[in-house]
Every structure is written in structure tokens, then in C-alpha cells.
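Visitor: The following block contains the structure, expressed as C-alpha cells.
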Amino acid sequence: MIQFFNVTKQYKNGNVALHDVSLAIKNGEFVFLVGASGAGKSTFTHMLIREILPTEGQILLDGKSVVRMKNREVPFLRRKVGFVFQDYQLLQKRTVSENIAFALEVVGLGQQEITKKVNAVIELVGLVGHEKSYPEQLSGGEQQRVAIARAIVNNPPLLVADEPTGNLDPETSLEIMKIFNTINKWGTTVVMATHDREMVNRLRKRVIQLSFGEIVRDEEKGGYYNVR
Amino acid sequence: MFANYLKIFIRDGFRFLWRNKGIAFASVIALAVALTITGFTVVFVNSGNQVVEHLQSQLEINAYVSQDVSRLDALELSKEIEKMPGFSDLEFVSREKGIVLLQERFGTEMDLESTLGGVNPLPDHYIIRSTSPEMVEPLVTELRRLPQIENIVYGKEIVDNVLSFTFWARNLGMFLIFGVMLAAIFLIMITIRLTVYSRAQEIRVMKFVGATNWYIILPFFIEGLMIGLFGGLIAAGITFAGYQNVMEYVLLNIAFIPLEYDYPRLYMTLGSIVGGGIFIGALGSLMATRKYLKV
């Protein structure tokens, strides 16, 4: 599914976010990306939707090069990769339903099909009754559910999340994590950058730890602890 | 799929407009004001040109040939006149034709021939037109040098007035239109950029869920189009009403100004105002959106 070959990213200010990273993530895996702030987690996740390009190396998604992709192909890549942000990135002027429907309108689906899919995903993330609410009327956890719903409504084979529980209390985080787990069980590959020690320790998934842009640990059913 | 997209674009265009009605309203008003000033200027210059054209058509030099000159010599004169600087065209009016034209002017109420006792007192004469009002004076000077020409009649004051009016109307008009259009485009750019800026996050999210560039641009484009259309329609309405009222006033109160309702030209101007509004709105949207597409 995801292959990184000697990927290095150096920003214009000289900061090296990733250094010579090589790895492979199989279809259907659930991977936690852990590490201190500035370890390169966000750079890694944002490379998967080609928001950031590596300065060196190659990234393949389903065998297709993300690096050599033409600009006009990028929207179609992004339709196959659901992305969940720490700060939700919801449109404040649109209702819950409209925020989720947004991702389907972009693809050009008809209204009937959109309504059907939106209703299904609202049920999945547990937001029934909130369809007509605006984001500001929701709690942080509820907003993140909307963001997840928007990310998965298109049935993307890959779901990427950048600190999705970073702004949430432990109880709400657990609820959110359960949703990710369910989605993963249905076959979607999940890559999640996180600081959430408790979640990582509880779920026991593959853990890739980054430190100063390098992989320092890659462990099946790993926990959250420091190597260096 | 295309129909689905189209529905979304039109819905979003209106939705954007409605949700940002404050800024949108300001844009419409700014555009309407700018286009109204432009409209009034164009109409004013058009009317000015109408007056100028009317006056210019009356700028004829009547050169009367001395009675001692034979018909043949009188006709030969045209060769010399045609060589003069500023000459445009001429018409030879024989004394026989002159009396017929005079009779026509008096109408049937008076029999000129019997009144004059069967004698035609009119000399042969040339009606000469110059290439431009500026050339009337030099042409007259040249004509005075011909000994065969006895008398020259032309509207000196009219020439001077036409000259200053033409200069004033055309140059000030062009200057005004240029300045106002520049200000209008500037205003629209600012307002639409503000609108787009207020939606920078929306554009960012659009990009993340896989929207293509044209998908992102089109609703903004439609919004700009509608701002332009509304601004243009308001300006056209005000210009139309203004034209009606001013013309009515001028025709009733300042009768000596040779002005007529010119609806074909007015409608062309109004059409250009609406078209210009749509163009500026759409172009402004595109220019303002481009900047935010590099997510």
C-alpha cells in the first residue's frame, strides 16, 4: 500500500524533518506514528496526500509514485486518502451533513446518493440527531467525529490522521479511537500520528517511532515508550 | 455527473453570495457607483459628440463668385479650391439652382420669381467643407486670395465654440472614464480578494478532500459574475433614468442645444455597462482566487 524509499525532507530553513526513511505499510494495517514534537510525524503524514514533497527519495502509494505525480492528478490521489486533522478543519458555515456531503460533491455524486452515504456515515460515527447542527454547536469530540465522517464517506482505502485526539480529553479520545479501530477492521489502512500514550498502549498496533527525522523503532503490537 | 456539478456550482455561487452578503453588497454598490459614473460619462460624451457632429455638419463655407466671372471660369475655380490645405469636398451651386433652393426654403406661400420681378439676383457659389473644424480658418484665408471670389460667409463663432467643446468633451470624457474604470477595477479586486480571503480555509479543505482547481474556482467565478451582473444592472438602471430626466430637462429648457434622443446608442451603452460589470466581476474573482489555489 505505502512504500517509502530513502525519503528525506529538508525545509528551506535548513531543518531536516525526515532523513533517509524507508518503510512499507501493508493494506489493512493500523500504524501508530509516534515521537516527540518536531520528530517528523506531520511531515510524514502530509507527504501521503502530497501536500509536502520529499527533497530526496521516492514514495509509492499502491505502486504509483506520489512524487512524480502531475499536479492535476493530485485531487484524485486525495480522494483515495481520507485525512483527519488535529483541529478538525470543518467549514463553520456548513452544517454537519453539509460538511460531510462536501467530500462527495467534489466527486460529482448525485444528491440521492450523497444523502444515502452521508446518513450511513453519520450513524457510523454516532452523530445521529446532529445532522443540522453547525460545528460551533458541537463539542470537540463531536467535531472530530464529523471530520472522520468526512474523511471516510468516500470509502478511501487509506485513512491518515495527524494527532486526531490531540485536543480531546481521555474519554472522548477513546471513543474516537474506537471509531478508527472499527474503520480499520473493515479493511481500511490507518496511519495515525499521535502523542496519545494511553491509546497506543491500549490498542497494541504496529508502532513506528520517529526521532529527529529517523525511524528509531518499528514494532508490531508495540507500546508507547522512548527508545532514546 | 456534469448536471450534478452544475447544480452545486450555481447553488454554491448563490450561497457564497448570501452568506457573505455584507461584502457582496459592498462589492455590488462599489461596482454600481463606478459603472454609473462611467455610464453618465459615456452618455455625456455621446451627447456632446452628437452636438459636435450637428454643429460640424453646419460648418460650411459659402464662397460667392463675383457676378463678372463667366460660368466656365466659375466652374474652373473648383480645381484651385480642391488643392487648398484642409479641403474636404465642395458643391457648386449655380445661380439657377440657388434660386430653386431658396424657393424651396420659402415654401409655396411666396412666389419668389414674381416677387423679384423675374430677375435672379443670386451669384454662383460654392459650398465648401473642410476636413476638420481646425482647418476652416486656413481654408478661408486661402479662399480670400482668389480674386474671383467676392464674398465668403461662414460661422466663425460656431467654429470656435465647436472647437473648444469638442476638445473639452472628448478629452475630459476619456480622462474621466479611464480614471473611474481604474478605480472600479481596483475596488472590485479589493472586495473580491476580501471575499476569497474570508474563505481561504474553505479552499484549503476543498483541496484536502480532492477538489480540482476548476471545481474550486467556478463557484467564486459565478459569485463574481453575479456581483458584476447586479452592479451592472443597477448602474444601467440609474444611467437610463438619468438620461431620460436630463434629456427631458435639456429639451424643455435649453432648446437651442441641438440634442435628440438617441436610443440605439443608449441601449448599446447600457449593454456595455452590464457586460462590463459581468466582465470585471468575473475577472476580479479569477484574479483573486488564483492566489489561494496553491495549497
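The values are calculated or read from the model by the stated rules, or taken from the named source; none is laboratory data. This structure is a prediction, so every number in the text was calculated from the model and none was measured. Quick reminder, even Gly has a Cβ in these numbers, built from the backbone with ideal geometry, and neighbours come from all protein chains shown. The protein model used for the area step is the full one, side chains on, heavy atoms only, and it has no ligands, DNA or RNA in it. Shrake-Rupley method; radii C 1.70, N 1.55, O 1.52, S 1.80 Å.
Visitor: Using the alpha-carbon atoms, what tilt in degrees (0 to 90, nearest 10) does helix A:111-124 show relative to the longest principal axis of chain A?
Guide: 70 degrees
Visitor: How big is the dipole moment of the protein assembly as shown about its Cα centre under a simple scheme where the beta carbon of each Lys and Arg is +1, that of each Asp and Glu is -1, and everything else is neutral? Debye, nearest 20, please. Write out the running numbers ahead of the final one.
Guide: On the way: 53 positive and 52 negative charges, 869 e Å.
Here the protein assembly as shown has a charge dipole of around 4180 debye.
Visitor: Arrange the peptides B:89-96, A:32-39 so that the one whose residues have, on average, the most other Cβ atoms within 10 Å appears first.
Guide: Working: B:89-96: 14.9, A:32-39: 19.2.
Result, highest mean first: A:32-39, B:89-96.
Visitor: While we're here: Summing both sides, how much accessible area is buried between B and A? Use a 1.4 Å probe and give Å² to the nearest 100. Don't jump to the answer; show the numbers that get you there.
Guide: On the way: alone 17220 and 11320 Å², together 26320 Å².
When B and A are taken together, about 2200 Å² of accessible area is lost.
Visitor: When you look at the Cβ of every residue in B:197-204, what mean number of other chain Cβ atoms sits within 10 Å? Walk me through the numbers on the way to the answer.
Guide: Values: counts 0, 1, 2, 0, 5, 6, 0, 2.
Partner-chain Cβ atoms within 10 Å, mean over residues of B:197-204: 2.
Visitor: Once both labels are modelled 7 Å past Cα along the beta-carbon direction, what's the A:K26-A:S65 spacing in nm?
Guide: Result: 2.7 nm between the two label points.
Visitor: Okay, moving on. Mean 1/r over all different Cα pairs, inverted: what Kirkwood radius does the protein assembly as shown give, in Å? Working shown, then result.
Guide: Numbers: mean 1/r = 0.0335 Å⁻¹.
It works out to 29.9 Å.
Visitor: Principal axes first, then extents: for the Cα atoms of region B:74-115, list largest minus smallest coordinate on each axis, whole Å, largest first.
Guide: The Cα atoms of region B:74-115 stretch 42, 18, 9 Å along the principal axes, largest first.
Visitor: Take every DSSP beta bridge whose two residues both sit in the protein assembly as shown, then give the antiparallel share in percent to the nearest 5.
Guide: On the way: 33 of 50 bridges.
Rounded to the nearest five, the antiparallel share is 65 percent.
Visitor: Sticking with this one: Taking N as the number of residues in region B:1-122, what is its alpha-carbon radius of gyration divided by 2.2 N^0.38 Å? The partial results should precede the final answer.
Guide: On the way: Rg = 32.1 Å, N = 122, 2.2 N^0.38 = 13.7 Å.
Here the Cα radius of gyration is 2.35 times the empirical estimate.
Visitor: May I ask you to list the residues of region A:7-25 whose amide nitrogen lies under 17 Å from a point 7 Å from Cα along the Cα→beta-carbon direction of A:F212?
Guide: A:8-11, A:14-21
Visitor: Can you work out the FRET efficiency for the pair B:L112 and B:R15, with r the C-beta to C-beta distance and R0 = 51 Å, to the nearest 0.05?
Guide: Details: r = 78 Å, r/R0 = 1.53.
It comes out at approximately 0.05.
Visitor: If you don't mind, there's one more thing I want to ask. At a Förster distance of 25 Å, what's the computed FRET efficiency of A:E175 paired with A:Q92, Cβ-Cβ distance as r, to 0.05? Can you show the working numbers first?
Guide: Details: r = 23 Å, r/R0 = 0.91.
E(calc), rounded to 0.05, equals 0.65.
Visitor: Would you be so kind as to list the residues of region A:96-130 that have their accessible area lowered by at least 40 Å² in the full protein complex compared with their chain by itself (1.4 Å probe)?
Guide: A:F102, A:E105, A:V106, A:G108
Visitor: Let me ask another. Using a simple spin-label model with points 7 Å from Cα along the Cα→Cβ vector, what separation in nm is obtained for B:K156 and B:L6?
Guide: Once both label points are built, they end up 7.0 nm from each other.
Visitor: Of the heavy-atom accessible surface of the protein assembly as shown (probe 1.4 angstrom), what whole percent is carbon and sulfur?
Guide: Values: 15460 of 26320 Å².
Here it works out to 59 percent.
Visitor: Kindly provide the pair-distance distribution of region B:60-154 built from C-alpha pairs, with 5 Å bins from 0 and whole-percent values in order of increasing distance.
Guide: 3, 13, 23, 22, 15, 13, 7, 5, 1
Visitor: While we're here: In units of 2.2 N^0.38 Å, what is the alpha-carbon radius of gyration of chain B?
Guide: Details: Rg = 30.5 Å, N = 295, 2.2 N^0.38 = 19.1 Å.
Its radius of gyration relative to the 2.2 N^0.38 Å reference: 1.60.
Visitor: Counting only Cα atoms, I'd like the Rg/Rh figure for region B:223-288, Kirkwood definition for Rh. All intermediate terms of the calculation are to be shown ahead of the outcome.
Guide: Details: Rg = 15.4 Å, Rh = 13.1 Å.
Radius of gyration relative to Kirkwood radius: 1.18.
Visitor: Another question, then. Work out the FRET efficiency for B:E248 and A:E113 from their Cβ-Cβ distance, taking R0 = 56 Å, and round it to the nearest 0.05. Show your work: numbers first, answer last.
Guide: On the way: r = 60 Å, r/R0 = 1.07.
Working from the Cβ atoms, E equals 0.40.
Visitor: Something else: Within a Cβ distance under 11 Å of B:D160, other residues only, what is the Lys/Arg minus Asp/Glu net charge? Walk me through the intermediate numbers first.
Guide: Details: positive: B:K156; negative: B:E134, B:E137, B:E157.
The answer is -2.
Visitor: With every protein chain left in place, what is the accessible area per residue of chain B in square angstrom, probe 1.4 Å?
Guide: Values: 16090 Å² over 295 residues.
The answer is 55 Å² per residue.
Visitor: Also, I was wondering about something else. Rolling a 1.4 angstrom probe over the protein chains, ignoring ligands and nucleic acids, what is the accessible area of A:D62 in square angstrom, nearest 10?
Guide: 100 Å²
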